[in-house]
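Okay, so here's the structure we're looking at.
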Amino acid sequence: MERTKTDFPVPAPLKQHGPARIITLCNQKGGVGKTTTSISLGAALAEYGRKVLAIDFDPQGALSAGLAVNTHEATTIYDLLLNGKLEPREAIQPTGVPGLDVIPANIDLSAAEVHLVNEVAREQALARVLRRVSDDYDVILIDCQPSLGILTVNALTAAHGVLIPLESEYFALRGVALLIETVEKVKERLNPALELDGILVTMFDARTLHSREVYERVIEAFKDKVLDTVISRTVKFPDASVAGSPITQFAPDHPAAEAYRHLARELVSRGAVA
Ligand SMILES: Nc1ncnc2c1ncn2[C@@H]1O[C@H](COP(=O)(O)OP(=O)(O)O)[C@@H](O)[C@H]1O
Ligand SMILES: [Mg+2]
């Protein structure tokens, strides 16, 4: 079952930055590693000299918390969605990782669904915001909330690519068909250029037959859309989020940090990131 693991070359430095390729991380199931991947991949890409903007698009604000970014009395993505007169750059906050910036979110974002319903072109609200900052970055990562509602549709409409973190559990596979159907619908109706960048297997436990069987099933079902990088289950991730620091800084030599660097190199090799 094991596919040959490739090591991908360290990407060459960029001579100039932007415009960004926008990647949405989504899966309507919670706890599959969307936020952890947004943070860790963003930090790994920044280590490779990419200018990265991470958008917290979940009212829970876990991405903001995981990068120790202030969400109170801060301009958030919610403010930008609803008020086109605000300058998006004013919402951008730096993080402890040079090259990785964040637009935060807080619980206010949970009201966005209700407000957007009455908007013209409500599916394009996020795309309108990101268009104004895109030139400053090489990649923008959108960390979605666990739902397929209007916010996720906005994220898919704004994106060039979708990255689907998938927990290696049998039950996790069930939701993916519905998710891919949603991606296809958005592609047909709103964003013809949208691509499936890959499915990332997370929470993998090499010691269990279960994990290996699920991985085999995922490969069977999604073939070359399954990324070569696999993220193992380790308690280092919750520890890093409590510390408000990405795994690449919290435990730089841990295999989990190296796994996200591997993912960064793979996405550059695949052309998903400059
Ligand atoms: N590979 C992993 N191994 C162990 N725990 C993980 C891993 N990835 C994420 N976690 C932890 O699992 C929980 C859910 O992850 P998170 O990234 O927040 O998922 P999502 O954003 O999809 O809801 C968090 O506490 C996180 O620290
Ligand atoms: Mg999350």
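The values are calculated or read from the model by the stated rules, or taken from the named source; none is laboratory data. Note that this is a predicted model, so its numbers are computed, not measured. Cβ sites come from the backbone with ideal geometry, for glycine too, and all protein chains shown count toward neighbours.
For this structure, a couple of remarks:
- When segment 28-51 is filtered for residues that are assigned to a loop (DSSP other than H, G, I, E, B) and either within 10 Å of the chain's Cα centre (by Cα) or free of Cβ contacts under 8 Å to residues at least 24 places away in the same chain (or both), only G33 remains.
- Of the residues A159, A127, the single one that is among the aliphatic types (A, V, I, L, M), farther than 22 Å from T36 by Cα and modelled with pLDDT of 95 or more is A127.
- Checked against (1) more than 16 Å from ligand 2 (Cβ to nearest atom); (2) under 26 Å from N118 (Cα atoms), L179 meets all criteria but (1).
- Among the numbered conditions (1) without any contact (Cβ under 8 Å) to a residue 60 or more places away in the chain; (2) among the small types (G, A, S); (3) buried (at least 19 other Cβ atoms within 10 Å of the Cβ), the only one that A243 does not meet is (3).
- 3 or more residues of a type outside the set (V, I, T), crowded, with 23+ Cβ neighbours inside 10 Å and within 16 Å of ligand 2 (Cβ to nearest atom): qualifying helices (runs of 4 or more DSSP H) within segment 52-138: 62-66
- Filter pass, K29 being surrounded by fewer than 24 Cβ atoms within 10 Å (Cβ to Cβ), in contact with a His (Cβ under 6 Å, 6 or more places away or on another chain) and not hydrophobic (A, V, I, L, M, F, W, C): no
- When we screen L194, L190 for residues that are surrounded by fewer than 23 Cβ atoms within 10 Å (Cβ to Cβ) and either of a type in the set (S, T, N, Q) or farther than 21 Å from L45 by Cβ (or both), the only hit is L190.
- I92 vs. criteria β-branched (V, I, T) and under 28 Å from P252 (Cβ atoms): yes
- Residues (farther than 21 Å from L148 by Cβ and either within 10 Å of ligand 1 (Cβ to nearest atom) or among the aromatic types (F, W, Y) (or both)) located in segment 20-64: I39, S40, Y48
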